[in-house]
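Notes follow once the structure below has been shown.
The values are calculated or read from the model by the stated rules, or taken from the named source; none is laboratory data. Just so it is clear, the structure is predicted and the values come from calculations on it, not from any experiment. Methodologically, a virtual Cβ is constructed for each residue, glycine included, from the backbone with ideal geometry; neighbour enumeration extends over all protein chains shown.
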Amino acid sequence: MPRVQFYHNTADRIALACELTARAHASGRQVALRVADAAEQRRLDQALWSFEQLAFLPHVPADSPLAAETPVVIGREDTPGWPHGDILVNLADSLPQHLDAFRMIIEIVGQSEAEKAPGRLRYKHYKQRELPIQLFDAVRREAM
């Protein structure tokens, strides 16, 4: 059963995803980043290249032949399967499929109502499944 972390009130979802991914990678974890579409996948790819000037976050698309060997992969909502099942960072509005394939799911919810409404639906789904949920305020960087 995966643990779920919700980061609410996020001003820049991609920047927070890069920060959390860098922390996870530094501690030896594998990360799957789930985005809504190809445009967001390109933005996230570019952000991972430039996130920290002296750091490198090895990453490839989830459908790359190197995905199983790469600690960070980026896929879209319709990605049929992920090469590893440690952490899933969800930047898409929809609920990820195959939740039980991951040890941890991180949901990053923005500040607009258009981002909050789908986040509430995902929260309700996780709550109904009785998954352990932690809530964080992304601006204050503290647990709620």
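Return a yes/no flag: does the stretch 124-133 have any residue that is in a helix (DSSP H, G or I) and at pLDDT below 95. Looking through the stretch 124-133, none of the residues is in a helix (DSSP H, G or I) and at pLDDT below 95.
Just so you know, in the stretch 98-123 the residues that are among the charged types (D, E, K, R) and under 13 Å from PRO2 (Cα atoms) include one that is surrounded by the fewest Cβ atoms within 10 Å (Cβ to Cβ), and it is ASP100. Filtered by the rule that a residue be touching a helix residue (DSSP H, G or I) at 6+ places or on another chain (Cβ under 7 Å) and either closer than 17 Å to ARG129 by Cβ or not in a loop (DSSP other than H, G, I, E, B) (or both), the stretch 62-78 gives VAL72, VAL73, ILE74, ARG76.
Restricting ALA68, ALA47, ALA114, ALA38 to residues that are of a type outside the set (D, E, K, R) and in contact with a strand residue (DSSP E or B) (Cβ under 9 Å, 6 or more places away or on another chain) narrows the list to ALA38.
Taken together, the residues in the stretch 1-26 that are part of a strand (DSSP E or B) and of a type in the set (A, V, I, L, M) amount to 1.
Given the structure, is PHE56 of a type in the set (Phe, Trp, Tyr) and not in a loop (DSSP other than H, G, I, E, B)? Judged against the criteria, PHE56 is not a match.
Being surrounded by fewer than 17 Cβ atoms within 10 Å (Cβ to Cβ), touching a Phe, Trp or Tyr at 6+ places or on another chain (Cβ under 8 Å) and assigned to a loop (DSSP other than H, G, I, E, B) is not true of GLY81.
The condition of being loosely packed, with under 15 Cβ neighbours inside 10 Å, modelled with pLDDT under 95, of a type in the set (A, V, I, L, M) and under 13 Å from PHE6 (Cα atoms) holds for only one of ALA138, ALA143, that being ALA143. Do we find a residue being of a type in the set (Ser, Thr, Tyr), more than 24 Å from ARG120 (Cα to Cα) and surrounded by 14 or more Cβ atoms within 10 Å (Cβ to Cβ) anywhere in the stretch 66-73? For the stretch 66-73, residues of a type in the set (Ser, Thr, Tyr), more than 24 Å from ARG120 (Cα to Cα) and surrounded by 14 or more Cβ atoms within 10 Å (Cβ to Cβ): present.
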